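Novice: Below is one structure. I have some questions about it.
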């Protein structure tokens, strides 16, 4: 695998290298091998993550409370983690 390679990932696949989700939706990743937490992590494209961050920031400012970053998906895919739920997604490594 080379930097910039595109890989189709699907349910049950182990992520082969650190990378970024470039296309897909509703991706859930099991990161328990790395974190020990039994919580599926939402992943989305970088653009959608930026939109979610902006929205959550506005909500927090309006409410006068903190930003709950755990509610914002990440585009980052970590090597050794497992795809739990996916609908035809592509990642760049």
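FYI, it's all coordinate maths here, none of it is from the lab. All of these numbers come straight from a predicted model, not from anything done at the bench. Cβ: placed from backbone, ideal geometry, glycine included. Neighbour counts: every protein chain shown.
Novice: Please work out which one of (1) part of a loop (DSSP other than H, G, I, E, B); (2) closer than 13 Å to residue 82 by Cα is the condition residue 2 fails and give its number.
Specialist: All conditions are met except number (2).
Novice: Look through 18, 13, 5 and report the one residue that is over 13 Å from the mean Cα position of the chain (by Cα), in contact (Cβ under 8 Å) with a residue 12 or more places away in the chain and within 13 Å of residue 93 (Cα to Cα).
Specialist: Details: 18 fails: over 13 Å from the mean Cα position of the chain (by Cα); 13 fails: within 13 Å of residue 93 (Cα to Cα).
Being over 13 Å from the mean Cα position of the chain (by Cα), in contact (Cβ under 8 Å) with a residue 12 or more places away in the chain and within 13 Å of residue 93 (Cα to Cα) holds for just one of 18, 13, 5, which is 5.
Novice: Does residue 51 fit the bill of being within 14 Å of residue 74 (Cα to Cα) and free of Cβ contacts under 8 Å to residues at least 12 places away in the same chain?
Specialist: When the stated conditions are applied, residue 51 passes them.
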